[in-house]
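As C-alpha cells, the structure follows; a few thoughts come after it.
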C-alpha cells in the first residue's frame, strides 16, 4: 500500500499494516518478535498486571537519558550550590513539561508510522525540510560534544586519564553500545535502562549521604520564587534546556514500528501504554535532577566549602564534605550518563539523516563525523564545563525547530487520524511550547547581549 496523499502528493497517512501481518516478518529478530507477541496479548486484553505493561517499556527510558546528561549535572549543581533549594520547583515544572512533549513525540510515531523527520519531509515543502535537516545536524553535533566531554571528564576524575584519550575511549564505548542495535532494540534498551539505573542509584546514595533539610526542600519544591536576576536566568536555563531537540526527533522513531496498531482502537491502546512508559522514565529522570540540586544545596550552599560552578568542583567538594567514596559514586553516575547519552545522541543523528533526506550512512562513519568536533574542542584545551555550557546554548537554538513542527503535525487531522490532539490538549501543548521557546530566547539574549 502507498498510504493516503493530499492533492499536492504529500503523504498524510502512513499505510496501515495488513490484518494478517504479524511481528514475525522477514528481518525481525526473535527477541523483537517476542516483544511484539507479548504486546499483542496486552492489546487484546489477554495479559494482566505488570506483564501487560512490560512489552511497552523502553522507548521513553532511552529518551530520558537526555534529561540526565552531563549538561544537567552542571546546571543542577550550579543552581543548588548558589541558590540552595530555591529552584527545585523549576526542575519539577520542567519535568512535567517534558512528559507532555515526549508523549506527543511518541504519539506521532504510533499514529502515523513515521518519525518526526519523516513526517516533516512528507508534510512540509522541500526547502523547509532541508532547512530543518541542516539545523538538526548541527544540533546532533552539539549533542555529541556535550556527551563525549561529560564521559571524558568522568574518566579523568575517576582514573586520571587525560581528557583527549578519555574522549576517544568514550567514543569507542558508545560505538560498541550502538552495535547492539544489530541484535534488536531490546538489547540496547536493556543497556540504556541499566545506565539510567546506575545514575538513579548513585544519586539515591548521594541524597541520603548529604541529608538535605526536608522542610526546606519541600518548600523549594512547592513554592515558586526567585532571589535575584541571576536566579531567574538560571531558572530559564533549567527549563529552556530541559527539552532536548534530538530526543524529540528520536522518541517518535522509537515508537513508529515497535508495536504497530492495526486500527485506530489499537493505536489508542498502544498510546495509553506508552504514556505509562513516559511517566515512569521521566519521573525517574526528574528524581535524579531533584537529587542533584538538593545534594548541592545541602553540601555547598552557605557552607564552609562555598558554591561550586563546575563538575570538577563538585567532585572535589564531595571528597571534602562527605568522603572519597561519595565522590567516586558521583563520578560513576557521570560516566554512565556520558556513555548512555553519547549513544543516544548518535541514534538521533541516524534518525535525522534518514528521515529528512532518506540517506543512511555506516554507523562508524556517522560516529566518526560527529566525534570530530568533540575531539577538537578537547584537543585545544577548552575548559570542559564551559564546553558543556556552550553546547547547551547551541541546543537551545534547535528547540523551536523541533517543537513547532511537532505541534503543527500533532494537530493535523489528516496525518494523525483519530489520535489528533483534541482542542484542550492542543492548548496545553501550545502553552508549554511557547514558554520553552521564550525562555530559550531570553537565555540566549542574556548570554550574547
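A few remarks follow.
- Neighbours by Cβ (under 6 Å, 6+ apart or cross-chain): first from segment 326-353, modelled with pLDDT under 95; second surrounded by fewer than 24 Cβ atoms within 10 Å (Cβ to Cβ) and not in a helix (DSSP H, G or I): 353/359
- Search result, residues across segment 82-91 that are more than 16 Å from the chain's Cα centre (by Cα), more than 13 Å from residue 230 (Cα to Cα) and not in a loop (DSSP other than H, G, I, E, B): 88, 89, 90
- Filter pass, residue 209 being surrounded by fewer than 23 Cβ atoms within 10 Å (Cβ to Cβ), under 22 Å from residue 81 (Cα atoms) and at pLDDT 85 or above: yes
- The single residue among 79, 66, 34, 74 that is at pLDDT below 85, in a helix (DSSP H, G or I) and crowded, with 23+ Cβ neighbours inside 10 Å turns out to be 74.
- Selection of segment 87-100 for residues being farther than 18 Å from residue 443 by Cβ and crowded, with 24+ Cβ neighbours inside 10 Å yields only 88.
- Evaluation of residue 114 against (1) in a helix (DSSP H, G or I); (2) within 24 Å of the chain's Cα centre (by Cα) (one fails), failing number: (1)
- Test: residue in segment 267-283 that is under 20 Å from the mean Cα position of the chain (by Cα), buried (at least 24 other Cβ atoms within 10 Å of the Cβ), under 15 Å from residue 201 (Cα atoms) and modelled with pLDDT of 90 or more: yes
- Checked against (1) on the phi < 0 side of the Ramachandran plot; (2) not in a helix (DSSP H, G or I), residue 381 passes all but a single condition, namely (1).
Results for (1) more than 18 Å from residue 347 (Cβ to Cβ); (2) within 19 Å of the chain's Cα centre (by Cα); (3) outside any helix (DSSP H, G or I), shown as yes or no for each residue.
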| residue | (1), (2), (3) |
| --- | --- |
| 104 | yes, yes, no |
| 107 | yes, yes, no |
| 130 | yes, no, no |
| 142 | no, yes, no |
| 146 | no, yes, no |
| 153 | yes, no, no |
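- Among the residues of segment 318-335, those that are in a helix (DSSP H, G or I) and surrounded by fewer than 24 Cβ atoms within 10 Å (Cβ to Cβ) comprise 319, 320, 321, 324, 325, 326, 327, 328, 329, 331, 332.
- Some residue of segment 397-404 being part of a helix (DSSP H, G or I), over 16 Å from residue 139 (Cβ atoms), in contact (Cβ under 8 Å) with a residue 24 or more places away in the chain and out of contact with any strand residue (DSSP E or B) (no Cβ under 9 Å at 6 or more places or on another chain): no
The values are calculated or read from the model by the stated rules, or taken from the named source; none is laboratory data. The structure displayed is predicted, hence computed values, not measured ones. Please note: Cβ atoms are built from the backbone with ideal geometry, for glycine as well, and neighbour counts cover all protein chains shown.
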